[in-house]
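Below: one structure, written as structure tokens.
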Amino acid sequence: MSSRYDQVYADWQRDPETHWAKAAEGIHWFKKWDKILDASRAPFYRWYAGGLVNTCYNALDRHVEAGRGNQVALVYDSPVTQTIKKFTFSEVKTTVARYAGALRALGVQKGDRVIIYMPMVPETAFAMLACARIGAIHSVVFGGFAANELATRIDDAKPKLMLSASCGIEPGRVVPYKPLLDQAIQLAAHKPDKCVVLQRAEVEATLVAGRDLEWHEAMNKGTPTDCVPVAATDPLYVLYTSGTTGIPKGVVRDNAGHMVALNWSMANVYGVNPGEVFWAASDVGWVVGHSYIVYGPLIHGNTSILYEGKPVGTPDPGAFWRVITDHKVAAMFTAPTAFRAIKQQDPEGEYIKRYGRAGFRTLFLAGERCDPDTLHWAERHLNVPVIDHWWQTETGWPMAANCVGLGMLKVKPGSPTKAVPGYDVRIVDPQVKEVPPDQTGAIVVKLPLPPGCLPTLWNNDDGFKKSYLDEFPGYYKTADAGYRDADGYLYVMSRTDDIINVAGHRLSTGGMEEVLAAHPDVAECAVIGIGDPIKGQVPVGFVVLKAGCKRGPDQIVPELVKLVRDRIGPVASFRLAAVVKRLPKTRSGKILRGTMRRIADGEEYRMPATIDDPVILVEIADAMKGIGLDKAASSRLQQG
Ligand code: COA
Ligand code: AMP
């Protein structure tokens, strides 16, 4: 098929409002909008102002009413519990309607927040949809975060209700969630009224009398409740993501813009038809899970897979191919890190050969840059197009992609292809001047952002402006850096802030530094992300101890590792730290984290003109070698 991409992109650019009015016909409206784009409070833009919708109605009820009731909506495939369950659209609707009634009975009203701290079980998706049904705002917190991170989110979102489970299941270990939930509520200043806890067979949680309720008692007995019309611009959810400090940012998602964008993307980016099976192998705690496990596929009438397992070890590196074959997956989405993990255990793709994968058409990768090696390996062994695409928690759907549904463009390894219609992506210098092809600059998106992207941060318009809009007036700052080649293909190379990407998980090194600095023996510290063959990046800490501290690295380092695990969570993958005499700094006191990273990765580095004392870089390289960062030995000072 010849590509319609150029035409659709040009049409959108010429008349964005008509483009988004047409796309909005793909969803159900209780009342149509008064204005497609409300720019009256620019740079705070709102899409479909005046419209009335319900996201749950669009994800479930309208499909049942249109005759899709017997189609499977959700497949729960859980190798860690040896379970496969399928739920039709009718069944999901019935359960979600009951859950919605139960939430009401627990005092949750439209606009109230509900925090969902749960593993990858169907009840999690049902709970999200139940919130949407009554206009409550959910905030899902990823299970790999520690109590402290959960407490921060409780204090910001101020939920009326918490929904949780007794445990999550990781390969080889069960992770009890309830102690983390209890600790988080104790740490938080805001106290939710009630907690509803799903008891899983693997662990029984102790319930707090008067506050905690057992899931089946509370949720399954709710009075079935209809969808409530909400304003198009009302928030559907708040999802916290790492910022440059330990305080996460509450990304707000509205109802109508989100639905329109996801529905459009299922057809035009992912190229799937209603009725087909779509699988995003991620977690509902991340944006990928929100957009492409729960909302996108269901709104578009697809069957979605909720997979409670890993790419390897559950039980072997053939897990993905089994799921694709068993459930007839048409298109799959995951992070490159998952493929690196599979490639490491099955370099020749022997497990791939064991499964037919009939009907599997396209693999989508995102969450981090897809290295060309991984891309080629996947293409060679799967024999389908492998599409790198680029987006962020903030945008909620892809900013750049090879729009398969519009007919594919040529794949260039290392590039997520071109801007998706809706996004005017530019590469600029600090003066907001566009740079020529092949020259690296800040990647920004001309305002307004399309429907589906964050309209603001939760209760924090100022923070939204400061983080995203102030530095490049008229543009949204992605905090990614990269370039465009002469054919207009985009290359996203690195972050411009202290965010690192660990196994596709977005983490703040600034947040980890705050934790290390809280250790009583630490005078100052730096955390950098260094290259890792599987996870892409992993964090490494460097600490200077307080004068007079008599304790050595053997005692301090394990304490630091434990501290990060306890305060941020195992997901930080913080395992390496070195005690150093001093940190390399500029004369003005700025720690040279970029130079440290280049040394750790064995790259050439420049001697910063403003460095305080160049000898420190030699000391740092030695300290790196001392903790096994062997590449530091091959880093060289760039001559000239
Ligand atoms: N609840 C509790 N703990 C969790 C968790 C959860 N939901 N998810 C991860 N963890 C823990 C892990 O058990 C691990 O703990 P450990 O230090 O005791 O081993 C730690 O957090 C780090 O997890 P992870 O980064 O996932 O590393 P891993 O070695 O367990 O697995 C991969 C590595 C690549 C297989 C895995 O990250 C993966 O499947 N990634 C797929 C891509 C993905 O999900 N991306 C998200 C955005 S698309
Ligand atoms: P998250 O908000 O967790 O989805 O992380 C978003 C960040 O991940 C982006 O700002 C990028 O730094 C990175 N990222 C996501 N997808 C890609 C991609 N395809 N190529 C390069 N970087 C990516």
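The values are calculated or read from the model by the stated rules, or taken from the named source; none is laboratory data. Fair warning: this is a prediction, and the values are worked out from it, not measured in the lab. Every residue, glycine among them, receives a Cβ derived from its backbone with ideal geometry; neighbour counts consider all protein chains shown. Each accessible area value is taken on the protein alone, full model and side chains, heavy atoms only, with ligands, DNA and RNA left out. Shrake-Rupley method; radii C 1.70, N 1.55, O 1.52, S 1.80 Å.
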Discussion item. Filter the stretch 364-387 down to the residues that are within 9 Å of ligand 2 (Cβ to nearest atom) and either assigned by TED's automatic domain parsing to the domain that holds Gly285 or open to solvent by 20 Å² or more (accessible area, probe 1.4 Å) (or both) and list them by number.
Written reply: Gly367, Glu368, Arg369
Discussion item. Given the condition assigned to a loop (DSSP other than H, G, I, E, B), touching a Gly at 6+ places or on another chain (Cβ under 9 Å) and in the same structural domain as Arg62 (by TED's automatic domain parsing), answer yes or no: does some residue in the stretch 178-191 qualify?
Written reply: no
Worksheet item: Among (1) touching a residue at least 60 places away in the same chain (Cβ under 8 Å); (2) within 12 Å of ligand 1 (Cβ to nearest atom); (3) crowded, with 22+ Cβ neighbours inside 10 Å, which single condition is Ala341 missing?
Response: (3)
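In the stretch 54-104, what residues are polar (S, T, N, Q) and either outside any helix (DSSP H, G or I) or within 13 Å of Leu129 (Cβ to Cβ) (or both)?
Once the filter is applied, which keeps residues that are polar (S, T, N, Q) and either outside any helix (DSSP H, G or I) or within 13 Å of Leu129 (Cβ to Cβ) (or both), the stretch 54-104 yields Asn54, Thr55, Asn58, Asn70, Gln71, Ser78, Thr81, Gln82, Thr83, Thr88, Thr94, Thr95.
Taking the stretch 614-634 on its own, how many of its residues are outside any helix (DSSP H, G or I) and either touching a Ser or Thr at 6+ places or on another chain (Cβ under 7 Å) or without any contact (Cβ under 8 Å) to a residue 12 or more places away in the chain (or both)? Steps first, please.
Step one: list which residues in the stretch 614-634 are outside any helix (DSSP H, G or I), which gives 614, 627-629.
Going one step further and asking which of them are either touching a Ser or Thr at 6+ places or on another chain (Cβ under 7 Å) or without any contact (Cβ under 8 Å) to a residue 12 or more places away in the chain (or both), we end up with 614.
Residues flagged as outside any helix (DSSP H, G or I) and either touching a Ser or Thr at 6+ places or on another chain (Cβ under 7 Å) or without any contact (Cβ under 8 Å) to a residue 12 or more places away in the chain (or both) within the stretch 614-634 amount to 1.
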Worksheet item: Filtering the stretch 400-418 down to residues that are touching a Cys at 6+ places or on another chain (Cβ under 9 Å) and open to solvent by 10 Å² or more (accessible area, probe 1.4 Å), which residue is nearest to Thr374 (Cα to Cα)?
Response: Pro413
Worksheet item: Any residue at all in the stretch 185-194 that is free of Cβ contacts under 8 Å to residues at least 60 places away in the same chain, surrounded by fewer than 22 Cβ atoms within 10 Å (Cβ to Cβ) and more than 23 Å from Arg565 (Cα to Cα)?
Response: yes
Worksheet, complete the sentence: Filtering the stretch 560-580 for residues that are β-branched (Val, Ile, Thr) and either in the same structural domain as Glu170 (by TED's automatic domain parsing) or under 25 Å from Lys590 (Cβ atoms) (or both) leaves a count of 4
Worksheet item: Lys86 fails exactly one of the following numbered conditions: (1) under 26 Å from Val329 (Cβ atoms); (2) charged (D, E, K, R); (3) touching a Lys or Arg at 6+ places or on another chain (Cβ under 8 Å). What is the number of that condition?
Response: (3)
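Take Ser304 and tell me if it is more than 10 Å from ligand 1 (Cβ to nearest atom), small (Gly, Ala, Ser) and over 30 Å from Lys158 (Cβ atoms). I'd like the intermediate steps shown before the answer.
Numbers: more than 10 Å from ligand 1 (Cβ to nearest atom): yes; small (Gly, Ala, Ser): yes; over 30 Å from Lys158 (Cβ atoms): yes.
When the stated conditions are applied, Ser304 passes them.
Within the bounds of the stretch 458-467, is there any residue that is within 13 Å of ligand 2 (Cβ to nearest atom) and either under 23 Å from the mean Cα position of the chain (by Cα) or of a type outside the set (Lys, Arg) (or both)? Steps first, answer last, please.
Start the filter on the stretch 458-467 by keeping residues that are within 13 Å of ligand 2 (Cβ to nearest atom), which leaves 467.
From the residues that got through so far, the ones that are either under 23 Å from the mean Cα position of the chain (by Cα) or of a type outside the set (Lys, Arg) (or both) too are 467.
Checking the stretch 458-467: at least one residue is within 13 Å of ligand 2 (Cβ to nearest atom) and either under 23 Å from the mean Cα position of the chain (by Cα) or of a type outside the set (Lys, Arg) (or both).
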Worksheet item: Condition test on Gly422, is it buried (at least 19 other Cβ atoms within 10 Å of the Cβ), within 16 Å of ligand 1 (Cβ to nearest atom) and closer than 25 Å to Tyr237 by Cα?
Response: no
Worksheet item: Got at least one residue in the stretch 468-475 being open to solvent by less than 30 Å² (accessible area, probe 1.4 Å), more than 16 Å from ligand 1 (Cβ to nearest atom) and in contact (Cβ under 8 Å) with a residue 60 or more places away in the chain?
Response: yes
Discussion item. Return the pair list, or none, for Cβ contacts closer than 6 Å from residues in the stretch 317-331 that are under 10 Å from Ile305 (Cβ atoms) and not assigned by TED's automatic domain parsing to the domain that holds Asn302 to residues that are modelled with pLDDT of 95 or more and acidic (Asp, Glu), at least 6 apart or on different chains.
Written reply: Val323/Asp77
Worksheet entry | Which listed residue, of Trp390, Trp397, is within 16 Å of ligand 2 (Cβ to nearest atom), among the hydrophobic types (A, V, I, L, M, F, W, C) and within 22 Å of Pro372 (Cβ to Cβ) | Trp390
Response to the item:
Counting only strands (runs of 3 or more DSSP E) wholly inside the stretch 348-437, the ones holding at least 1 residues that are within 19 Å of the chain's Cα centre (by Cα), hydrophobic (A, V, I, L, M, F, W, C) and farther than 30 Å from Arg14 by Cβ are 362-365
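Among the residues of the stretch 1-53, which ones are part of a loop (DSSP other than H, G, I, E, B), farther than 27 Å from Tyr468 by Cβ and among the hydrophobic types (A, V, I, L, M, F, W, C)?
Listed by number, the residues that qualify are Met1, Trp29, Phe30.
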Worksheet entry | Sole residue being of a type in the set (Val, Ile, Thr), farther than 19 Å from Pro570 by Cβ, within 16 Å of ligand 1 (Cβ to nearest atom) and in contact with a strand residue (DSSP E or B) (Cβ under 9 Å, 6 or more places away or on another chain), chosen from Val502, Val492 | Val492
Worksheet entry | Search result, residues across the stretch 160-177 that are over 14 Å from Met118 (Cα atoms) and not in a loop (DSSP other than H, G, I, E, B) | Arg173
Fill in: Qualifying residue in the stretch 296-307 (condition: open to solvent by 30 Å² or more (accessible area, probe 1.4 Å) and of a type outside the set (Gly, Ala, Ser))
no
Practice prompt. Identify the residue in the stretch 593-610 that is crowded, with 17+ Cβ neighbours inside 10 Å and not in a helix (DSSP H, G or I) and, among all such residues, is farthest from the chain's Cα centre (by Cα).
Written response: Pro608
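Go through the stretch 509-541 and count every residue that is of a type outside the set (Asp, Glu) and not in a strand (DSSP E or B).
Initial filter on the stretch 509-541 (of a type outside the set (Asp, Glu)): 509-512, 515-520, 522-523, 525-531, 533-541.
Those still in the list that are not in a strand (DSSP E or B) too: 509-512, 515-520, 533-535.
Final tally of qualifying residues: 13.
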Item to complete: Looking for whichever is more than 30 Å from Ala49 (Cβ to Cβ) and free of Cβ contacts under 8 Å to residues at least 60 places away in the same chain here; the options are Ala136, Ala218, Ala151, Ala201. Which one fits?
Response: Ala151
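Conditions (1) outside the structural domain of Ile616 (by TED's automatic domain parsing); (2) within 16 Å of ligand 2 (Cβ to nearest atom); (3) open to solvent by 40 Å² or more (accessible area, probe 1.4 Å), marked per residue:
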{"residue": "Tyr491", "(1), (2), (3)": "yes, yes, no"}
{"residue": "Ala518", "(1), (2), (3)": "no, no, yes"}
{"residue": "Val527", "(1), (2), (3)": "no, no, no"}
{"residue": "Pro539", "(1), (2), (3)": "no, yes, no"}
{"residue": "Ala547", "(1), (2), (3)": "no, no, yes"}
{"residue": "Asp554", "(1), (2), (3)": "no, no, yes"}
{"residue": "Pro558", "(1), (2), (3)": "no, no, yes"}
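Sort out for me the helices (runs of 4 or more DSSP H) sitting completely within the stretch 224-326 that have 3 or more residues that are touching a helix residue (DSSP H, G or I) at 6+ places or on another chain (Cβ under 7 Å) and not hydrophobic (A, V, I, L, M, F, W, C). Write out each step before concluding.
Details: elements: 256-268, 296-299, 319-326.
Hits in the stretch 224-326: 256-268.
Does Val287 count as open to solvent by 10 Å² or more (accessible area, probe 1.4 Å) and over 25 Å from Glu394 (Cα atoms)?
Values: open to solvent by 10 Å² or more (accessible area, probe 1.4 Å): yes; over 25 Å from Glu394 (Cα atoms): no.
So Val287 fails the test.
Looking only at the stretch 543-560, count how many residues are in contact with a strand residue (DSSP E or B) (Cβ under 7 Å, 6 or more places away or on another chain) and either in a helix (DSSP H, G or I) or not basic (Lys, Arg) (or both). Walk me through it before giving the result.
First, pick out the residues of the stretch 543-560 that are in contact with a strand residue (DSSP E or B) (Cβ under 7 Å, 6 or more places away or on another chain): 543-546, 553, 556-557, 560.
Then keep just the ones that are either in a helix (DSSP H, G or I) or not basic (Lys, Arg) (or both); that gives 543-545, 553, 556-557, 560.
Result for the stretch 543-560: 7.
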